[in-house]
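Bear in mind these aren't lab numbers, they're just calculated from the coordinates by the rules spelled out. From a predicted model like this one, the values you see are computed outputs, not experimental measurements. Backbone-built Cβ (ideal geometry, glycine too); neighbour counts: all protein chains shown.
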Ligand code: ATP
Ligand code: MG
């Protein structure tokens, strides 16, 4: 049935909503697709629901095509399975937790690895039942720290999550590839510009992992790409090759020097330049200094652990990279009170002399991989106003290990071929990963193999952000007038606008609507008698159906107007050919 603007549950807005920072959010609210209930919680209005359902259909068709079977788990889940996997605590404040009347603990599912694992354990026991792939399209809950951009990062959102079950790693590789190929088809059909990048496995555990990022300037994810070899990775997942050991035999013994008032890298470099000019003619740079940054890790059980990171002074610690490395712990700043509680730390002059679990501070100390054996540094001497020069890694100090927490910069060497990397931003639309046996082990999912031996099942987990996709497509498809949907996802095939006062126009527009419907065309029919043509055209542009048909003044001359929303091109077609022309226009 055609949607009629005279009765459609829709109010378009001329003003941008006050809380909207990105175009997709502004336009989805203004064009009447979604409406905010609370931060990160949205109602899908009729037009929005149409688009959401179309995304679901594409995802469902491609999941079915690889033989995955759809089921539906509840969102309200008991604590026990999540306790068994460790995620009840690991998920921390991101999980919505609640109690029932008997004081039992429940949660609103943020993702469902545990439930799928248990379902298979409940019903299957033999290798003959594998491989198996199951999926659902379901509402998830995460109490995101920063819900933002409307449906792009919600606290309630729709996800397609699927899981594969195999007897061994080779089986998992196949299942993973099937899903990856299905994702390529899904995102092609949805009309995304996207890249597939290496990703961190994160809180899920497991090994191989890739993300599908829709390219978007205001995306929250940063990825890097190598123009030479095609390497692409989320910055979180970039591995800096460990520096090769260099010969330090020519470096003099380390010496402590007075460097008054040099608590920052800039002040230190300026002082070095003035007081200790280098003998090799080079000038000092931030990259010659070893900066030691201290943060506070808060573990899921609430314990607080300081962590020191040593990195070249010309690089900052990247919050996201660090966060990904220390998950499930979260990173908090190291506060004044934390310094005060640790008198071994001379703020602004902290060095490897006190850092390390076996050193006076007892603080775990991890180095950037660039700080290789034999490299010489200027760094804090652990006394206010003093630094140590010619301090050689391996010779004069060691650490507890390395960490990938330094920012990745444009031009940094590609880990795969050495060429310069370029960075760009994107929105994570999908994620495929090989979980391995993490959940099967935690929840004891085993099957008998052909020799009657019990084997732990090997799993994969695969997500698509279904509701996020709607926001993301809007983000990539709009102009200054409003939304411009790709055909496959538009809430209707045709937006038919009847203008003017004459009954003939409205009678003919009704007929045309019915003829189109008889051909299976979805019509959004602006049959309002009171609204002016200007209002109707503005609404049509805002709503963004790709083909707009105008029945109005031209009808007297026997024509209707076809307008392409994207290009703005318009042409008159004879009434007699209208249906055929519209069908051709929309590709039927
Ligand atoms: P992000 O890094 O964006 O927080 P994630 O890595 O935590 O996402 P996954 O657990 O991999 O997300 O979930 C699978 C998919 O679900 C993601 O690829 C994304 O498209 C979608 N998704 C995740 N969180 C949200 C959210 N808060 N709102 C909407 N969609 C989301
Ligand atoms: Mg992810």
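Can you give me the relative contact order of the chain as a percent, contacts being Cα pairs under 8 Å and 6 or more apart?
Normalised by residue count, the contact order of the chain is 18 percent.
What angle do you read, to the nearest 10 degrees and between 0 and 90, between the alpha-carbon axis of helix 169-189 and the longest principal axis of the chain?
Taking Cα atoms only, the helix is inclined about 50 degrees.
Can you show me the helix-derived [θ] at 222 nm for the chain, built from DSSP H runs with n ≥ 4 at -39,500 (n - 2.57) apiece and divided by the number of residues, rounded to the nearest 500.
Calculated at 222 nm, the ellipticity per residue is -7500 deg cm²/dmol.
Out of every Cα pair in the stretch 492-585, what percent are spaced more than 15 Å from each other?
Here the long-distance tail beyond 15 Å is 55 percent of all Cα pairs in the stretch 492-585.
May I ask for the Kirkwood hydrodynamic radius of the stretch 1-123, worked out over all distinct Cα pairs and given in angstroms to one decimal?
That comes to 18.1 Å for the stretch 1-123.
With N residues in the stretch 342-445, what two-decimal value do you get for its Cα radius of gyration over 2.2 N^0.38 Å?
Working it through for the stretch 342-445, the quotient is 1.54.
Can you give me the three principal axis dimensions of the chain from its C-alpha atoms, in Å, biggest first?
Sorted from largest, the Cα extents of the chain read 96, 69, 51 Å.
Cα-Cα pairs above 20 Å in the stretch 107-227: how many percent? Please list the in-between numbers first.
Values: 4042 of 7260 pairs.
Looking at the stretch 107-227, the distances longer than 20 Å represent 56 percent of pairs.
What translational diffusion coefficient, in µm²/s and rounded to a whole number, does the Stokes-Einstein relation yield for the stretch 273-412 at 4 °C and a viscosity of 1.567 mPa s, taking the hydrodynamic radius as the Kirkwood radius over Cα pairs?
83
Suppose the chain between residue 208 and residue 11 were pulled fully straight at 0.36 nm per residue; how much longer would it get relative to their current alpha carbon spacing?
That works out to 66.3 nm of additional length.
Using the alpha-carbon centroid of each, what span in Å lies between the stretch 29-48 and the stretch 289-353?
Cα centres, the stretch 29-48 to the stretch 289-353: 41 Å.
Which of the peptides 288-295, 62-69, 462-469 is most tightly packed, and how do the rest follow, going by the mean number of other Cβ atoms within 10 Å of each residue?
Put in order of decreasing packing, that is 462-469, 288-295, 62-69.
Sorted from fewest to most neighbouring beta carbons within 10 Å, what does the list 208, 160 look like?
Neighbour counts put them in this order, fewest first: 208, 160.
Once both axes come from the Cα atoms, what is the angle between helix 46-65 and the longest principal axis of the chain, in degrees from 0 to 90, rounded to 10?
The helix 46-65 is inclined about 70 degrees to the chain.
Cut-off is 10 Å between beta-carbons; in what order do 536, 174 appear when sorted fewest neighbours first?
174, 536
Cut-off is 10 Å between beta-carbons; in what order do 179, 271 appear when sorted fewest neighbours first?
In increasing order of surrounding Cβ atoms, one gets 271, 179.
Please list 494-501, 400-407 highest first by mean number of surrounding beta-carbon atoms within 10 Å per residue. Provide the component values of the computation, followed by the final result.
Details: 494-501: 22.2, 400-407: 19.8.
Top of the packing list down: 494-501, 400-407.
Is the stretch 19-84 rounded, prolate or oblate when judged by the Cα gyration tensor, a ≥ b ≥ c being the square roots of its eigenvalues, rounded requiring a/c under 1.5 and prolate requiring a/b larger than b/c? Walk me through the numbers on the way to the answer.
Values: a/c = 2.84, a/b = 1.37, b/c = 2.08.
Here the stretch 19-84 falls in the oblate category.
Highest mean first, how do 446-459, 428-441, 113-126 rank when packing is the count of other Cβ atoms within 10 Å averaged over residues? Before the final figure, lay out the partial values.
On the way: 446-459: 15.9, 428-441: 22.6, 113-126: 18.3.
Top to bottom by mean Cβ count within 10 Å: 428-441, 113-126, 446-459.
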